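What follows is a single structure, written as structure tokens, with notes after it.
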């Protein structure tokens, strides 16, 4: 196989794997089997595309192959059951089980069905998030483990148990309605934003961003606002994602290297996305929202409304982060508050916040803690300590672009 074909197959898989798995899960109502069928289709592509060429509609090709394998699997199971029945001299007339398999492609959205299924209350919060990131975002076990700050083996066991729990409980692959939808909405919003964040700042790989994940997360977020139009947080989440996505084109230079927010060319920001985000934020405010996504969207709005980096209202941002930290209790939010405090009140005040976070177990392997501390030390002219922190942060990150940026900062000290 040529390297070009290999890259094409990998790119198609990144884009199509979630939809493929979701469509198959709806058909066979078994997540493990759906993933096996999707992998079988991928193997077929790796075997056939180098000779036949990449089809015009690769996603449809993969789905057709996987469904063919699904039919073969069901038929084998049916034939086995029939043979067993004959052996037991008990072979009543049966309807063709293939009639029970629905292949209708005109459904609301298979990925959304899969997300609501993975966020079923029969699973714990961490299991819901991990399973959705694996099946919808297509993240590897290692990538998700880094996000959870736990060993990959532990994460793998968690995902395996989650799939078995769904199967044992007989959970159907469908979007709930009424009170059940409301009960699962917060979990689905959480994983949509996690998918977006993986696209906005990839945890591993050569590229800093995976824009296709951002696009998919925004699409799912807009669908959630249609499903729950009177809930403020879906609208706030859409506003937050669109505010952040509006900066995607300006976040890297011509060589793909990250460009810090204060150095970005604001003329490259997507004004149409910003306009949409402002409308979504107004809708959330009208509905009386004051939740996590509402506060984060308000912070993002402070950045995009400023005409230049020099006039950003950092005092207001620090206040919003203080409110968000009190609401969530998240040490990552507190770290973000430290950055805002450094801009509003100076690096000394911020460093005391960061030093307190150094004792938080969940952040011990978090590269951004070291990176922020390095930045504050550099502002205080403590260059040797800053260099050490940047080097430590570079050793922790799994993203090559981020590592290069951190090592450059270390060298500049």
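The values are calculated or read from the model by the stated rules, or taken from the named source; none is laboratory data. Fair warning: this is a prediction, and the values are worked out from it, not measured in the lab. Quick reminder, even Gly has a Cβ in these numbers, built from the backbone with ideal geometry, and neighbours come from all protein chains shown.
I'm checking my understanding of the structure. Among residues of the range 252-261 that are at pLDDT 90 or above and not in a loop (DSSP other than H, G, I, E, B), which one is nearest to residue 304 (Cα to Cα)?
Ranking the qualifying residues of the range 252-261, first place goes to 261.
Suppose we filter 277, 301, 306 for residues that are touching a residue at least 60 places away in the same chain (Cβ under 8 Å) and either farther than 19 Å from residue 372 by Cα or touching a strand residue (DSSP E or B) at 6+ places or on another chain (Cβ under 8 Å) (or both); which single one remains?
Criteria check complete, one pass: 301.
Looking at the structure I just gave you, is residue 226 at pLDDT below 90, closer than 21 Å to residue 280 by Cα and either surrounded by fewer than 16 Cβ atoms within 10 Å (Cβ to Cβ) or over 14 Å from the mean Cα position of the chain (by Cα) (or both)? Before the answer, list the steps.
On the way: at pLDDT below 90: yes; closer than 21 Å to residue 280 by Cα: yes; either surrounded by fewer than 16 Cβ atoms within 10 Å (Cβ to Cβ) or over 14 Å from the mean Cα position of the chain (by Cα) (or both): yes.
Yes.
Just checking, how many residues over the range 43-56 are in contact (Cβ under 8 Å) with a residue 24 or more places away in the chain and either buried (at least 20 other Cβ atoms within 10 Å of the Cβ) or not in a helix (DSSP H, G or I) (or both)? Write out each step before concluding.
Just the residues of the range 43-56 that are in contact (Cβ under 8 Å) with a residue 24 or more places away in the chain, to begin with: 45-46, 49-50, 54.
This time we only want the ones that are either buried (at least 20 other Cβ atoms within 10 Å of the Cβ) or not in a helix (DSSP H, G or I) (or both), so: 45, 54.
Qualifying residue count for the region: 2.
Look at the range 271-282 and say how many of its residues are farther than 21 Å from residue 187 by Cα and surrounded by 15 or more Cβ atoms within 10 Å (Cβ to Cβ). Show your work before the answer.
At the first step, the residues of the range 271-282 found to be farther than 21 Å from residue 187 by Cα are 271-279, 282.
Checking which are surrounded by 15 or more Cβ atoms within 10 Å (Cβ to Cβ) leaves us with 273-274, 276-278.
Qualifying residue count, the range 271-282: 5.
Out of 147, 91, I need the residue that is in a helix (DSSP H, G or I), modelled with pLDDT under 70 and either surrounded by 13 or more Cβ atoms within 10 Å (Cβ to Cβ) or touching a helix residue (DSSP H, G or I) at 6+ places or on another chain (Cβ under 7 Å) (or both). Which one?
Only one candidate passes the filter, namely 147.
Could you identify the single residue in 78, 111, 107 that is at pLDDT below 80 and in a helix (DSSP H, G or I)?
Only one candidate passes the filter, namely 78.
Scan the range 133-165 residue by residue and report those that are closer than 23 Å to residue 223 by Cβ and either in contact with a strand residue (DSSP E or B) (Cβ under 8 Å, 6 or more places away or on another chain) or touching a residue at least 60 places away in the same chain (Cβ under 8 Å) (or both).
Matches in the range 133-165: 133, 135, 136, 137, 138, 139.
Restricting attention to the range 16-30, report how many residues are touching a residue at least 60 places away in the same chain (Cβ under 8 Å), farther than 15 Å from residue 137 by Cβ and touching a helix residue (DSSP H, G or I) at 6+ places or on another chain (Cβ under 8 Å).
Result for the range 16-30: 6.
Give the residues of the range 369-389 that are assigned to a helix (DSSP H, G or I) and more than 21 Å from residue 359 (Cβ to Cβ), sorted by residue number.
378, 379, 383, 384, 387
Only one of these conditions is not met by residue 360: (1) modelled with pLDDT of 95 or more; (2) surrounded by fewer than 15 Cβ atoms within 10 Å (Cβ to Cβ). Which number is it?
Result: residue 360 fails condition (1) only.
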